[in-house]
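*Asks:* Structure provided below as structure tokens; questions to follow.
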Amino acid sequence: MSTTAPTPSATTALRTFDDLPGPRGLPVFGNLLQIETSRVHQQMERWCDAFGSIYRLRLGKRRVIVVGDHDLVAAALRDRPDGFRRTTRLEEISAELGIPGGVFGATGEAWKRQRRMVMAGFDPAHIKRYFPSLQRVTSRLVTRWGEAAARGTTIDLQADLMRFTVDAIAGLAFGADVNTLQSDEDRIQNHLNRIFPAIFKRIFAALPTWRWYATADDRALVRSVAEVNAAVDRFIAEARARLKADPARREKPPNLLEAMLVAAEEPGSGITDREVAGNVFVMLLAGEDTTANTVAWMIWLLARHPEALAKARDEVRRVCPDPTTATFDDIARLEYVEACAHETMRLRPVAPQQGLQALRDTVIGDVQVRKGMIVFAIMRRDSVSERYVPNAKAFEPERWLSPEGTAAAANSAKRISMPFGAGPRICPGRYLALLEMKMAMAALLANFDIVAVDTPDGEEPREVLQIAMMPVGLTMRLRRLAP
């Protein structure tokens, strides 16, 4: 039995699942029918307030321990991949849909060999070589928003940012020019947009009704997965053809997929074509939603905080007045914009909870966790608590900067906020995601003044969780700066 810190003293009696408090449930279903999937993260945060930082849920036959203490969450995340894995439920649903497995859901030796391949593609030198592709996509975003500003039309912020991130990840990761920013046709992001919500809904479904009767939405989902799988196969075939035609690309792969293929072909890598495809699929899926949602939240928060917006705008216009010709190092100097991104992810993390499953008997705090039990890690609760972060509810990017104006090495917010996870399975694409966020914000602030960022009812945007947590109904109006 392993122990997830902090360790109880020898005289402390360990609690079992049945000893824990939790919301009252129903026979057979337990708490399953109480779960509102689109806002389950908020439900679990409120139940932390009612029952404490460790409590229990019964989701049908599944016994779930919910953990809201950041130290315990961090310790559990660090105990991967040996002590915890992602839930088998997620793996089963993904496999049933025909989604190939990648590093996101892999465990054990499969995870270790895929992690090496993926990290080879995310090497800082490689990311720097991908930068020209990101500049091309950023230029198209400026053009799209410039046309909207000239017409005086309202921008669907979420939809446009999804286009930006799909185009960016396709170019950066796969060397593919899908160009959704200059087309309103039903293209790949429309298919991607169906997959996350459907997987999340099925995770919490009381009954697998899609196995007995396929609705129109179920059939559309199957088509979308097939379309994305076909696109993934095409990206891989094209990348292999480029490597064959130009062997020099193997020395300095210009995109992440080619870097992965080169790593996979190393003697003893053990990587299969199916695993390569799985990681391409995951990068498309995760690289679209998470980055786009964070940028949308950041724009909304900056619009509500004019002083912070002015600081970010002034930094962009001083450091890189034209992001489409800026260098990689110019973007790296956008320290205040990066601080805005970190503060956004503290307040509105796109992954406000993580589902884990115990691979062995272990202990979390003073609670026994049996092999196979599910643990929900609540990621945001302590990040917005006055107990741990001064003025915790406020949007203050400065908390991420030292007095000298450089990123702080360690402070309470940085220690507690874990938007990319923690431990060996921390998100391998975090630096690439930050680069995309900074480029999108530079494109906006260097070229436009924000006239308004609105919601349909004028209230704060509603948080909706579909594996990634997104704002609902955000629109934006812009005014183009004079040349």
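All of the numbers you see were taken from the coordinates with simple rules; none came from a lab. Quantities reported herein were computed from a predicted structural model and do not represent experimental measurements. With ideal geometry, Cβ positions are generated from the backbone for all residues, glycine too; neighbour counts draw on all protein chains shown.
*Asks:* Among 325, 448, 74, flag the residue with its Cα farthest along the positive direction of the charge dipole of the chain, charges on Cβ as +1 for Lys/Arg and -1 for Asp/Glu.
*Replies:* Projecting each Cα onto the dipole axis, the largest value belongs to 74.
*Asks:* Mind checking which lysines have their Cα closer than 17 Å to the Cα of residue 244? Skip sequence neighbours fewer than 8 apart in that chain.
*Replies:* Partners within reach: 252.
*Asks:* Further question on the same structure: Going by a ≥ b ≥ c, the root eigenvalues of the Cα gyration tensor, does segment 170-267 fall in the rounded group (a/c under 1.5), the prolate group (a/b larger than b/c) or the oblate group?
*Replies:* Values: a/c = 3.17, a/b = 2.04, b/c = 1.55.
It comes out prolate by the Cα gyration axes.
*Asks:* Within the set 61/371; 201/414; 201/438; 128/438; 112/438; 61/201, which residue pairs have Cα atoms separated by over 20 Å?
*Replies:* Details: 61/371 15 Å; 201/414 31 Å; 201/438 32 Å; 128/438 14 Å; 112/438 30 Å; 61/201 17 Å.
The pairs that break the limit, which is 20 Å between Cα atoms, are 201/414; 201/438; 112/438.
*Asks:* Need one number: % antiparallel among DSSP beta bridges in the chain, to the nearest 5.
*Replies:* 80
*Asks:* With the cut-off at 1.5 for a/c, could you classify segment 286-355 from its C-alpha gyration tensor as rounded, prolate or oblate? Before the final figure, lay out each step's value.
*Replies:* Working: a/c = 2.43, a/b = 1.50, b/c = 1.62.
It is oblate, given that a/c is not under 1.5 and a/b is not larger than b/c.
*Asks:* May I pose another question? Using +1 on the beta carbon of Lys and Arg, -1 on that of Asp and Glu, and nothing else charged, what's the dipole of segment 2-480 about the Cα centre, debye to 20?
*Replies:* Values: 65 positive and 59 negative charges, 179 e Å.
Dipole of segment 2-480, to the nearest 20 debye: 860 debye.
*Asks:* Taking GluC sites (Glu not before Pro) as exposed when DSSP calls them loop (any state but H, G, I, E, B) and at most 16 other Cβ atoms lie within 10 Å, what is the longest stretch of the chain free of them, the sites themselves excluded?
*Replies:* On the way: sites that count: 36, 185, 251, 265, 386, 404, 459.
Within the chain, the longest run free of exposed GluC sites (Glu not before Pro) spans 37-184.
*Asks:* What angle do you read, to the nearest 10 degrees and between 0 and 90, between the alpha-carbon axis of helix 40-51 and the longest principal axis of the chain?
*Replies:* Once rounded, the angle reads 40 degrees.
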